1. May I ask you to evaluate 6.51 cos²θ - 1.76 cosθ + 1.60, the Karplus curve with θ = phi - 60°, for each residue of the stretch 240-251 and list the ³J(HN,Hα) values in order in whole Hz, giving x for glycine and proline?
2. If I take R0 = 45 Å and measure r between the Cβ atoms of Thr253 and Ala413 in this structure, what FRET efficiency does the formula 1/(1 + (r/R0)^6) give, to the nearest 0.05?
3. Whole percent per 5 Å bin, from 0 to the bin with the longest distance: what is P(r) over all C-alpha pairs of the stretch 211-315?
4. Determine how many Å³ per residue the convex hull of the Cα atoms of the chain encloses.
5. Calculate the FRET efficiency for Ser243 and Arg47 from the Cβ-Cβ distance with a Förster distance of 60 Å, rounded to the nearest 0.05.
6. Against the longest principal axis of the chain, how steep is helix 314-325, in degrees 0 to 90 to the nearest 10, with axes from Cα atoms?
7. Would you mind computing, in nm to one decimal, how far apart the modelled labels at Glu331 and Ser72 are, each placed 7 Å from Cα along Cα→Cβ?
8. Can you list the residues, at least 5 places off or on another chain, whose amide H is less than 5 Å from the amide H of Phe105, using H built in the peptide plane?
Amino acid sequence: MGDYHLSEAKWGEGEFGTPGGTVYWSFATTPGTGFGFSDYITDPVYRNVIRDAFQAWEDVADIDFVETSDGSLTDIRLGWDVIDGPFSVVGEAASRGSKTTSTLFSFTEAEIRFDIAENWATDRDVARNEVGLYQVALHEIGHAIGLDHTNDPDTIMYVSDISDLQGLTAGDIEGAQAFYGPADSSPSSQPTPDPTPPVITYAPTRGADTFMARAGNDVIDGMGGIDTLSLTGEQSQYTLTLSAGNIILTDRTGRDGTDTLISIERLDFQSGASTLGNTLFEIDTFDGIATLDPDDFAQIVELYIAYFNRAPDAVGLAFWGNAFADGLSMEEMAALFIDQDETRDAYPSAMSNAAFATAVYNNVLGRIPDAEGFDFWVGVLDDGAVGRDTFILSVLDGAKAAFPPGASAAFIAQMLEDRQYLSDKADIGAYFAVHKGMSDVTEAVQIMTLFDGSESSIENALNAIEGHYDAALSADSGDFLMPLLGVLDNPFFG
């Protein structure tokens, strides 16, 4: 028995051992819906090699390939494209499928591209520094009919170099027949497919690839390299949900569906990204945040409160959380916060240390400083013994510190009140940025003006957040949302 691996999609009825029916294929004459096709395959020699590859699969499995002119009725389209230069990724296949009650997905369309930069050989004996078009065409057509990579170098579906092979081998044939039955339509047994449930699947790549988003709910795996997903809408029309297990992108207009992203590093929105000053939205700037410890994450939320007296914005919070996950310490982060434009606006260099300390106490604890503590901190700030960043961290740490030995009942009561105030304020900030995923800074400021430490003010702030969130969800006039799941519990609901 040969080695083969199956996906969960095939042509025809979505059941094992059933015919694939008639599958129409064409040489592309227009750009693809997934691949751009930088050029079209017009040379008759290349065309004949690809025809032979389709025939080889048809000869062993019950699937009927019919070449047709390029158009809307074509099932599989093929073309040249710029992929990654010579000798890396030489070809790729992408496919789309759907299912209702069947065991497997049924393919509805597929595309195959060959790297135009390769030195393509058109005979089956491939010389050094050549790439065999016949072998690669067999391999990519194999993906387009539902076969996955094998670990057997003696199969055409092997994950690496197949230039020494002359055609399909036992494992390839057995895999095709497991899906479609042999060419004489005899039924086959039902093997177990590999546990990969793609609605849209891309052949593994090691280069920098660009994929086109399409209608439907897809699983898109960029695998190696720095990969980009090109989208049809504006950034404000999407919700990007981060978690430790998945990254899910939802087009709230419905055009691009809801896609699960694996190893996709960049998002290319229609008019570019509107966050962090980049044209492309860099997912890998944020993906480490889902691995943070809740206590560490809460400290970053508290920094926003102490410095800016507002809720965090989701994108900024994710940026700093990712930096912390990558090794930036809280002390280093606090120092970097000092050098932000928003900090300079809130605390101009001409502001006295007394005014600065008063503002921070109000932001963090909702009160004026006690006289003894105030005099101490203003003194060390004036002397330059500590920086303003260190002072902010000290106030935050002090609000959560253990009760000192011999503390009076009044002192302990004040500490408990301070602790509750900061906790409630941080919870409101997290609800805005983490659970709802909002990033509008004006709204982040406005909701905190509603909070004064009372239960009614918490309710007012939450109601305001819900109102902003309802508006943000609008497909046409809403905002980009980036909620984070699985790091902080929602203290207000559930």
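Bear in mind that the values in this text are calculations on the coordinates, not laboratory data. The shown structure was predicted, so the numbers you read here are calculated from the model rather than taken from an experiment. Methodologically, a virtual Cβ is constructed for each residue, glycine included, from the backbone with ideal geometry; neighbour enumeration extends over all protein chains shown.
1. These are the phi-based 3J(HN,Hα) values: 10, 9, 9, 7, 5, x, 9, 10, 10, 10, 10, 8 Hz.
2. On the way: r = 53 Å, r/R0 = 1.18.
With R0 = 45 Å, the Cβ-Cβ based efficiency is 0.25.
3. All Cα pairs, binned at 5 Å, distribute as 2, 11, 20, 22, 18, 12, 9, 4, 1 percent.
4. Values: hull volume 92.7 nm³, N = 494.
Measuring per residue, one finds 188 Å³ for the Cα hull of the chain.
5. Values: r = 46 Å, r/R0 = 0.77.
With a Förster radius of 60 Å, E is 0.85.
6. 90
7. 6.7
8. Ala9, Lys10
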